[in-house]
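Accompanying notes for the structure given below.
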Amino acid sequence: MLASMELHEQFVLFGRIALATGLGFAIGLEREVWGKTAGDRTFALLAMGAAAFVGLGVTMFPETADRVIQGVAAGVGFLGAGIIFRGDREGGPRGLTTAAASWGVAAIGALAGAGVIWTAIMVTALTLVLLESQRLPFLRRFRSKRQAPPDGA
């Protein structure tokens, strides 16, 4: 039998879901700005769904919440596989970063849904830095040195 949630518990859960949605939207906006197929709404929905499932599991079924988290990770993994298998015209894989970002956004949603708010926010910032690393001047300088051909090549 399902236990009911008090009204204040429902508002707390909604706040966690709303935060996750906003964090996912921020990452999706970065993807959309650079012309990627999965954008702000897609990533916001991924984070929202993960937060809702995990938040409900942690709140209503704490003894089995680990299964909910496993289900979210596996489900988003299948979505990511679909993004990757789409491929490009030459047959090579495409969408690896978008697929990985979608998996990361689900993890951010899971963190927020479980109430690990500051970690969710910090992981969002870390994700944005990673996605923008090719465009950040101080990181781009290191990348160009690493990819430069050795002397005599």
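What the table below lists for this structure:
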| item | result |
| --- | --- |
| Of the criteria (1) assigned to a helix (DSSP H, G or I); (2) within 20 Å of Arg94 (Cα to Cα), which one Thr37 fails | (1) |
| Residue within the range 99-111 that is surrounded by 12 or more Cβ atoms within 10 Å (Cβ to Cβ) and at pLDDT below 80 present | no |
| Per-region count, the range 21-48, residues of a type in the set (A, V, I, L, M, F, W, C), over 19 Å from Glu132 (Cα atoms) and out of contact with any Ser or Thr (no Cβ under 7 Å at 6 or more places or on another chain) | 1 |
| Phe78 vs. criteria at pLDDT below 90, out of contact with any helix residue (DSSP H, G or I) (no Cβ under 9 Å at 6 or more places or on another chain) and closer than 23 Å to Ala26 by Cα | yes |
| Top-ranked residue of the range 1-25 - restricted to ones that are aliphatic (A, V, I, L, M) and surrounded by fewer than 19 Cβ atoms within 10 Å (Cβ to Cβ), ranked as farthest from Gly49 (Cα to Cα) | Met1 |
| Filter result (crowded, with 22+ Cβ neighbours inside 10 Å and on the phi > 0 side of the Ramachandran plot) within the range 26-56 | none |
| Where a residue in the range 54-67 is closer than 12 Å to Gly115 by Cβ and its partner, wherever it lies, is of a type in the set (D, E, K, R), with Cβ under 6 Å and at least six apart | Gly55/Arg16 |
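The values are calculated or read from the model by the stated rules, or taken from the named source; none is laboratory data. It should be emphasised that the depicted structure is a prediction, and the values quoted were computed from it without experimental measurement. When we count neighbours, we look across all protein chains shown, and the Cβ atoms used for this are built from the backbone with ideal geometry, even at glycine.
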